[in-house]
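Report on the structure given below.
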Amino acid sequence: MRMPHLRRIKVLLIALAGSCGAAEFREAPNPGAAPVNQLAISGNACGPAALLASFRFGNESWQAAARSLPGNNDKEQLTQWIKRHGLRPSATLKGRMRWNNGGINVEDLVVAANEMNRSLYLPTLAIDDLFRRKGEQQQHLLKRTHEHLNRSLTRGFPPVLSLKRFVLRQGVWTPVQGHFVTVTGVSAKLAKGETGIRISYIDPWGGKHCDGVLKMADRAVLAAEAKSSPCLIADVPGANVGKKDVKRGEVSLVVPAAVIGRW
């Protein structure tokens, strides 16, 4: 006679465990949104595509920003964004447009985003580089990165993350390609002693849902030894960042270089 009662308790415990697990991961406000595929228009449109994905996966205010762009598909909306905000003078590259054959850099992307946001009465987006500051330890950089990602998601805007691949060539770490992705989920808490941050993200190259980890350097990165590394390592196997530019036998890795969001 007690078995049904025990089964009900077991079901309840499983349900509670599931809800606790979900609470440990911060998700975008609109997780069922359609990813944005940069290849619908151009292989160098990852910046506009990642930004549009942030709008779609964000709260209702940011979703309205996505809907404000004319067009019924990724190609049409990305074309409109580039015409309106990408083909304007760059704030950092003299004599160049914000969006060009090399794509768009992170500084111009946030300027263009806020230019669009002002007319829609949306909050101003911020930018922060993800390299260690003077006196900052790797653990503190990890914490700062987590706070930005978590807070931006909490405030309704899935942050845009700038990734860069570096290759070790003739003893020098050389950047070969940058890429933007949209972070749609992050570990809600960073436990003491934690060395990595679990993330979910949308890769605009194909509009894919991916998972990865941003972690403290356990090997030399842009430095002679691991403890001197000025950045984190992005373990993002689903992201095709500059792989074609890596020669056979070369050592390469991806680093999170900067983030755009609300905090």
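Restricting region 137-233 to GluC sites (Glu not before Pro) that sit in a DSSP loop and have at most 11 other Cβ atoms within 10 Å of their own Cβ leaves 225. Largest GNM mean-square fluctuation across 156, 212, 249, computed for the chain with C-alpha springs under 10 Å, falls on 249. Considering the options 232, 59, 202, tell which one lies farthest towards the positive end of the dipole of region 25-261, charges being +1 on Lys and Arg and -1 on Asp and Glu at the Cβ, about the Cα centre. Toward the positive end, the furthest listed residue is 232. Solvent-accessible surface (1.4 Å probe) assigned to residue 84 amounts to roughly 100 Å². About its Cα centre, the chain has a charge dipole of approximately 280 debye under the convention of +1 per Lys or Arg Cβ and -1 per Asp or Glu Cβ, with nothing else charged. Positive contributions from Lys and Arg (+1) and negative ones from Asp and Glu (-1), summed over other residues with Cβ under 10 Å from the Cβ of residue 187, come out at +1.
I need to check one value: relative contact order of region 133-179, counting alpha carbon pairs closer than 8 Å and at least 6 residues apart, in percent.
Values: 28 pairs, mean separation 10.5, N = 47.
Computed over region 133-179, the figure is 22 percent.
For residue 136 and residue 250, compute 0.36 nm times the residue count separating them, minus their Cα-Cα distance, and round to one decimal in nm. Write down the numbers at each step before the final one.
On the way: separation 114, 0.36 × 114 = 41.04 nm, distance 2.98 nm.
Full extension of this stretch gives 38.1 nm more.
With the simple model of a label 7 Å out from the Cα in the direction of the Cβ, residue 188 to residue 34 spans 3.1 nm. From the alpha carbon centroid of region 133-147 to that of region 188-255 is 16 Å. Using a Gaussian network model of the chain in which every pair of alpha carbons under 10 angstrom is joined by a spring, one finds that among 172, 111, 236 the greatest mean-square fluctuation is at 172.
Tally Lys and Arg at +1 and Asp and Glu at -1 over the other residues with C-beta under 15 Å from the C-beta of residue 236: what net charge comes out?
Working: positive: 164, 165, 198, 208, 215, 243; negative: 203, 211, 235.
Charge balance near residue 236 sits at +3.
Please compute the net charge surrounding residue 25, taking Lys and Arg as +1 and Asp and Glu as -1 over other residues with Cβ under 10 Å from its Cβ. Intermediate results must be reported in sequence, preceding the final value.
Numbers: positive: 26, 189, 198; negative: 24, 27.
In short, +1.
On the protein heavy atoms, probe 1.4 angstrom, tell me the percent of accessible surface of region 150-263 carried by carbon and sulfur. With neighbouring chains kept in place, the figure for region 150-263 is 48 percent. Toward the positive end of the charge dipole of region 91-184, about the Cα centre and with charges on Cβ (Lys, Arg +1; Asp, Glu -1), which of 131, 159, 92 goes farthest? Looking along the dipole axis, the top candidate is 131. Averaged per residue, region 25-261 has 46 square angstrom of accessible surface, using a 1.4 angstrom probe with ligands and nucleic acids left out.
A Förster radius of 22 Å, combined with the Cβ-Cβ distance separating residue 211 from residue 154, puts the computed FRET efficiency at roughly 0.65.
Highest GNM mean-square fluctuation among 142, 122, 78, for the chain modelled with Cα contacts below 10 Å: 122. Over the residues of the chain, the helix contribution to mean residue ellipticity at 222 nm works out to -10000 deg cm²/dmol, using -39500 (n - 2.57) for each DSSP H run of at least 4.
What is region 25-261's relative contact order, in percent, from Cα pairs under 8 angstrom and six or more apart in sequence? Please report the intermediate quantities before stating the final value.
Details: 505 pairs, mean separation 56.0, N = 237.
About 24 percent, as a whole number.
Ignoring ligands, DNA and RNA, how do 97, 216 rank by accessible area with a 1.4 Å probe, largest first?
Details: 97 75, 216 45 Å².
Accessible-area ranking of 97, 216, largest first: 97, 216.
The values are calculated or read from the model by the stated rules, or taken from the named source; none is laboratory data. Model, not experiment: these values are computed from the prediction. Positions of Cβ are backbone-derived with ideal geometry, glycine not excepted, and every protein chain shown enters the neighbour counts. Ligands, DNA and RNA are stripped out before the accessible areas are found, and what is left, the full protein with its side chains, is counted by its heavy atoms. Shrake-Rupley method; radii C 1.70, N 1.55, O 1.52, S 1.80 Å.
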